[in-house]
């Protein structure tokens with residue numbers, strides 16, 4: 001059975017975007033700093049040396065994506081193919097998709113809730129991983145009990161503003177540390193979400 005994993009680069013003070021995040025400024029001011037550990041100054045994905053490179057390969061080996069509507073719309077659904085390898089993208093949303101989605105057969109909007117969207121993404125992923133994107137979506141997945149693991153790439157910077165990853169949670173959630181990889185560019189912490 002597939003495992004759902006939230007993959008997120010985050011500042012030490014908990015931000016996953018900078019101030020001014022919006023359609024005209026995706027990720028907000030200074031957003032690139034959160035991804036310097038695996039994105040070149042030219043905007044190309046790179047594989048860092050050692051264990052951090054393994055993490056990048058792991059992300060691109062995921063077999064399905066579950067992402068929030070705001071996230072996918074800001075990047076026009078990654079052109080309909082997040083990985084460049086035919087990986088399906090599921091978007092939980094109570095509103096119908098915009099017209100551009102008709103051009104992206106791998107993108108599916110799911111109107112009957114996060115649990116249904118996750119079930120469809122897990123089915124598409126088979127025995128692999130579902131990559132989860134978006135703060136709101138992650139919070140709803142935790143609330144619904146359908147997020148299995150969290151992979152945080154904690155970047156040594158304080159943003160002081162932007163979008164926090166876990167700004168509103170319905171209740172306390174216990175986590176178990178599965179793995180810690182410390183590099184000069186980031187501390188990569190993987191957690192298992194425990195049911196309480």
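The values are calculated or read from the model by the stated rules, or taken from the named source; none is laboratory data. Note that this is a predicted model, so its numbers are computed, not measured. Using ideal geometry, Cβ is built from the backbone for each residue, glycine included, and neighbour counts are taken over all protein chains shown.
Of (1) closer than 20 Å to residue 60 by Cα; (2) assigned to a loop (DSSP other than H, G, I, E, B), residue 181 satisfies all except one. Which? Answer for residue 181: the failing condition is (2).
For the stretch 136-153, the criterion of being over 13 Å from the mean Cα position of the chain (by Cα) and closer than 26 Å to residue 39 by Cα is met by no residue. When the stretch 170-188 is filtered for residues that are within 19 Å of residue 141 (Cα to Cα), out of contact with any helix residue (DSSP H, G or I) (no Cβ under 6 Å at 6 or more places or on another chain) and surrounded by 12 or more Cβ atoms within 10 Å (Cβ to Cβ), only 175 remains. Taken together, 124, 135, 119 contain a single residue that is within 24 Å of residue 166 (Cα to Cα) and in contact with a strand residue (DSSP E or B) (Cβ under 7 Å, 6 or more places away or on another chain), which is 135.
Suppose we filter 68, 43, 30 for residues that are out of contact with any strand residue (DSSP E or B) (no Cβ under 8 Å at 6 or more places or on another chain) and in contact (Cβ under 8 Å) with a residue 40 or more places away in the chain; which single one remains? The conditions single out 30. The condition of being under 20 Å from residue 138 (Cβ atoms), more than 15 Å from the chain's Cα centre (by Cα) and touching a residue at least 40 places away in the same chain (Cβ under 8 Å) holds for residue 21. Being closer than 29 Å to residue 174 by Cβ, touching a residue at least 60 places away in the same chain (Cβ under 8 Å) and over 17 Å from the mean Cα position of the chain (by Cα) holds for only one residue in 112, 127, and it is 127.
Answer with yes or no whether residue 79 is touching a residue at least 24 places away in the same chain (Cβ under 8 Å), under 23 Å from residue 137 (Cβ atoms) and crowded, with 17+ Cβ neighbours inside 10 Å. Judged against the criteria, residue 79 is not a match.
Step by step: first the residues of the stretch 21-61, then only those that are touching a helix residue (DSSP H, G or I) at 6+ places or on another chain (Cβ under 7 Å) and surrounded by 18 or more Cβ atoms within 10 Å (Cβ to Cβ), then the one that is nearest to residue 82 (Cα to Cα). Which residue is that? Within the stretch 21-61, the match that is nearest to residue 82 (Cα to Cα) is 38. For the stretch 137-152, taking the residues that are in contact (Cβ under 8 Å) with a residue 60 or more places away in the chain and assigned to a loop (DSSP other than H, G, I, E, B), the one that is nearest to residue 2 (Cα to Cα) is identified as 148. Filtering the stretch 112-136 to residues that are modelled with pLDDT under 95, crowded, with 21+ Cβ neighbours inside 10 Å and assigned to a helix (DSSP H, G or I) leaves only 135.
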